[in-house]
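Below is one structure, written out as structure tokens; the observations come after it.
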Amino acid sequence: MSPPVSRPRPGCYRFEVYPPGTLRLDRVDLRTKLDPDIDYDRELTSLQRELLKLQIKTFQKNRRAIIAFEGWDAAGKGGAIKRLTQDMDPRGYKVWPISAPRDEEVRQHYLWRFWHRVPEKGEIAIFDRTWYGRVLVERIEKFATKEEWRRAYDEIDAFEKTLTDDGIPIAKFFLHIDRKTQLERFLDREHDPMKRYKITKDDWRNRKKWKDYEDAIQDMFDRTHRPDAPWHAISATDKKFARLEVLRACVKLLK
């Protein structure tokens with residue numbers, strides 16, 4: 001029997017990816033702060049009102065959208081999501097906090113649980129961590145084999161392209177901070193009874209593998225930064241700056 005030969009097939013699923021290095025983690029200026037001439041509270045309120053209008057429009061026109069958040073521990077994902085949804089109608093969006101898969105989810109393909117969270121018509125789905133865990137924490141902690149996380153880039157690109165081709169716009173945010181800022185926020189959480197629940201042993205363990213995560217994040221950008229679902233790498237050293245940047249990008253997404 002002759003060995004199998006790989007041949008291109010008509011209609012084979014294709015997706016366009018920006019050239020490697022188009023978006024670089026080490027080029028995000030972590031010194032960036034909110035312009036002192038900008039009234040943060042006024043700008044925040046204005047953007048939140050605009051987002052409510054766009055959410056209503058999304059509902060009325062049976063549109064859908066996905067807003068996905070990744071970032072370092074303590075980078076401010078929760079705070080950004082809180083400001084993003086503050087004035088939205090809670091009936092028109094869902095926030096999905098993603099953690100380790102449960103027993104039922106472990107038995108399925110890793111994308112299975114995300115397909116179940118794709119937004120309904122008229123709805124916005126917001127992910128606090130995402131399917132990119134496959135090529136980040138699962139890669140670094142060896143929960144996925146090298147073969148599994150390497151093929152995941154194409155699987156994720158195809159997953160997202162399926163959604164964007166179906167009319168679901170996607171915005172992906174990576175909130176970036178440095179190790180010093182993270183340490184300060186970790187210690188603040190440990191000493192604040194109202195924040196202590198946010199810090200775990202896993203956070204401290206992951207911190208020790210900072211360089212490994214930097215490499216994995218850059219690979220993620222190089223393989224999955226696409227015109228139809230771009231990454232937004234945002235300096236989050238200044239939380240107010242990061243929050244406004246996220247809201248501005250979401251306004252553009254929903255228009």
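Here are the numbers for the structure shown:
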quantity	calculated
Residues satisfying the stated conditions in segment 32-56, i.e. over 16 Å from L84 (Cα atoms) and over 21 Å from the mean Cα position of the chain (by Cα)	K33, L34, D35, P36, D37, I38, D39
K172 buried (at least 18 other Cβ atoms within 10 Å of the Cβ) and either in contact (Cβ under 8 Å) with a residue 60 or more places away in the chain or outside any strand (DSSP E or B) (or both)	yes
Residue within segment 194-203 that is assigned to a helix (DSSP H, G or I), at pLDDT below 95 and closer than 27 Å to R27 by Cα present	yes
Out of G92, G76, G122, sole residue that is over 16 Å from the mean Cα position of the chain (by Cα), in contact (Cβ under 8 Å) with a residue 40 or more places away in the chain and surrounded by 15 or more Cβ atoms within 10 Å (Cβ to Cβ)	G122
Complete set of residues in segment 18-46 that are within 30 Å of R179 (Cβ to Cβ) and either among the small types (G, A, S) or modelled with pLDDT under 95 (or both)	G21
Matching residues, segment 58-90, being within 16 Å of V251 (Cβ to Cβ) and polar (S, T, N, Q)	T58, T85, Q86
Residue match in segment 126-139 (condition: surrounded by fewer than 17 Cβ atoms within 10 Å (Cβ to Cβ) and under 19 Å from the mean Cα position of the chain (by Cα))	no
For A152: the one exception among (1) surrounded by fewer than 17 Cβ atoms within 10 Å (Cβ to Cβ); (2) assigned to a helix (DSSP H, G or I); (3) touching a residue at least 12 places away in the same chain (Cβ under 8 Å)	(1)
Cβ-Cβ under 6 Å pairs, at least 6 apart or on other chains, segment 47-60 side under 26 Å from K240 (Cα atoms) and in contact (Cβ under 8 Å) with a residue 24 or more places away in the chain, far side surrounded by fewer than 17 Cβ atoms within 10 Å (Cβ to Cβ) and among the acidic types (D, E)	Q48/D87; L52/D87
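Every residue, every condition in (1) aliphatic (A, V, I, L, M); (2) touching an Asp or Glu at 6+ places or on another chain (Cβ under 9 Å), yes or no:
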| site | (1), (2) |
| --- | --- |
| R205 | no, yes |
| K208 | no, no |
| Y213 | no, no |
| Q218 | no, yes |
| D222 | no, no |
| R226 | no, yes |
| L244 | yes, yes |
| L253 | yes, no |
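The values are calculated or read from the model by the stated rules, or taken from the named source; none is laboratory data. Predicted model only: the values in this text are computed from it and were never measured. Heads up, the Cβs are rebuilt from the backbone with ideal geometry, glycines too, and the neighbour counts pull from every protein chain shown.
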